[in-house]
Structure formats: structure tokens, C-alpha cells
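The values are calculated or read from the model by the stated rules, or taken from the named source; none is laboratory data. All figures in this text were calculated on a predicted structure; none of them were measured in a lab. A quick note on method: Cβ atoms are made from the backbone with ideal geometry, for glycine too, and the neighbour counts reach across all protein chains shown.
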Ligand code: HEM
């Protein structure tokens, strides 16, 4: 406990600053949640303009992949750390998901419509489907899986599909795996590069599965203890703040 006291105590200025920053951001999100959701949707739709700038197709893919990582991590992290800001981010997942889908469309369609890329990768594939590099097959599958998720990311679909909505959205997991495989694999399908890429894939996807397991049942006792201690310190900080 002395160790926890030194580092995680609310008396520690760094911890107090952390609590203060958390509360500042969280209060801002709570206050402007509606506007934030609206802003994210505007940004998401504006991203479609990227279709007119195929030279940035790769950047759209990278931003999309990073956004997807954030979306996927928020749920297990919110269950493990139980922080208000993470719960608030959960409520932005629909808008972030729509944004991700549009970025993926701009990226994928940008490449498919690019005449140079089409003649190198797509045209030979039409006559010999097995010739396409696994990396691009994974990208195409990821994009196809993204579409039903995008189309059903609204209240009407939620009402119409009822229990099946969750089944449709379970597609997020294979889609995530395909996005990672697509973005980590190199162009060549042989050699050390491929082995290294699969190791990278294993670390990131395995790390995600590990976090999901932790979120279901936090079996790491030291982490559970730190969480409980920090939670208690945060509550103390809050009550002192209200008194002063
Ligand atoms: C959910 C859908 C997709 C996502 C999130 C995504 C994401 C990415 C990312 C992050 C990269 C950069 C990888 C690196 O750092 O080397 C990349 C590269 C690439 N992607 Fe995708 N991708 C998707 C679908 C597609 C589709 C459908 C195609 C086309 C058929 C495609 C074609 C490419 C190409 C050609 C590159 C290589 C660019 C280069 O090396 O300059 N992607 N993608």
C-alpha cells in the first residue's frame, strides 16, 4: 500500500493534475455531447470529399485504421478502468464508426478507381483470381464487411433488426482482423517480411483479445488493486473539491 500511496495517492500533484484533466475533458464532453456527435457526423460526411483526392488514398486508410483501433479499444478499456471519459467515448462509437467506414470507402474506392493501380492489381485478378496478393484480398473483404455495419448504424435499423442487430454488428470482429492483416502484410507474399507482419498482427489482435478477456473478468490482481485504489483516491479528490 505504501507503494500505491507514493504513486497513486490524490496527494501526488501528478495524480491531481490527471484527475483535473480527466474532469475537464469529461465535463466538456458531457456539456457538448450533442454538438460533438453532430460535429463528428459532419466530419465523417465531409471525408467523402476525399474521393476527389485519390493521391491521399493511403492517408485515408491509415487514419481509418487508427480510428478503428480507438473504437475497438474503448469498450474493453472502459470496462477495465471504469473511467467516466471512457464511458462517454462509448456513446460516440456510432459516429466514430460511421467516420471510420467513410474513410475506408474513400481509401478502398480511391485505389480501385485509380487506373494505374487497377491495371497492376485488379485487371490481372479478373483473369486469374488467385494471382491477387492476400494483402489486397483482406482489404477488399474488410471493406465488404464494413458496408452492412455502416448501413445499420442508425436507430431505424436497430428497431427493425431487434436482436439480429447485435448479430450483424458481430461482423466488426472479423472486419477488424482483416483490416489489421491488410495493413500489416507487405506486398510480397514470401520471405521474412511476411513472417514479421504476421507476428505484428498476432501481437495487436492477440493484445485486443487479451483486453476483451480482462474486461470480462479482471483476473490480474495487481491491476485490480491499482484500479480500486485509484478509484478510491478519485472519490476522495472529488469530495474535497466539493467542500472547497
Ligand atoms: C476497411 C478497409 C480498409 C482499411 C481500414 C485499409 C487500411 C489501410 C492501411 C492502414 C494501409 C497502410 C498500410 C501501411 O502502412 O503500409 C493500407 C494500404 C493499402 N491499401 Fe488499404 N485498407 C482498406 C481496404 C482497402 C481496399 C478495399 C483496397 C483496394 C482494393 C486497399 C488498397 C490498399 C493499397 C493499394 C495499399 C498500399 C498503399 C501503399 O503501399 O502505398 N485497401 N490500407
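Of note:
- Residue match in segment 26-43 (condition: farther than 29 Å from residue 81 by Cβ and surrounded by fewer than 16 Cβ atoms within 10 Å (Cβ to Cβ)): yes
- Test: residue 163 is modelled with pLDDT of 95 or more, exposed (fewer than 12 other Cβ atoms within 10 Å of the Cβ) and over 22 Å from residue 96 (Cα atoms): no
- Close pairs (6 angstrom Cβ cut-off, 6 or more residues apart or separate chains): closer than 12 Å to residue 63 by Cβ in segment 91-103, within 12 Å of the ligand (Cβ to nearest atom) anywhere: 96/71; 100/64; 100/67; 100/68; 103/60; 103/63; 103/64
- Flag: residue 209 does not match the condition of being modelled with pLDDT of 95 or more and under 18 Å from residue 138 (Cα atoms).
- Among residues of segment 117-149, those that are within 11 Å of the ligand (Cβ to nearest atom) and not in a helix (DSSP H, G or I), counted: 2
- Scope segment 40-68; condition free of Cβ contacts under 8 Å to residues at least 24 places away in the same chain and under 30 Å from residue 219 (Cα atoms); matching residues: 66
- Any chance residue 114 is surrounded by fewer than 19 Cβ atoms within 10 Å (Cβ to Cβ), within 13 Å of the ligand (Cβ to nearest atom) and under 30 Å from residue 28 (Cα atoms): no
Yes/no per residue for (1) in contact (Cβ under 8 Å) with a residue 24 or more places away in the chain; (2) over 18 Å from residue 96 (Cα atoms):
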{"position": "150", "(1), (2)": "yes, no"}
{"position": "175", "(1), (2)": "yes, no"}
{"position": "178", "(1), (2)": "yes, yes"}
{"position": "185", "(1), (2)": "yes, yes"}
{"position": "192", "(1), (2)": "no, yes"}
{"position": "205", "(1), (2)": "yes, yes"}
{"position": "208", "(1), (2)": "yes, yes"}
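- In summary, residue 200 fulfils each of the numbered conditions (1) surrounded by fewer than 12 Cβ atoms within 10 Å (Cβ to Cβ); (2) under 20 Å from residue 139 (Cα atoms) with the single exception of condition (1).
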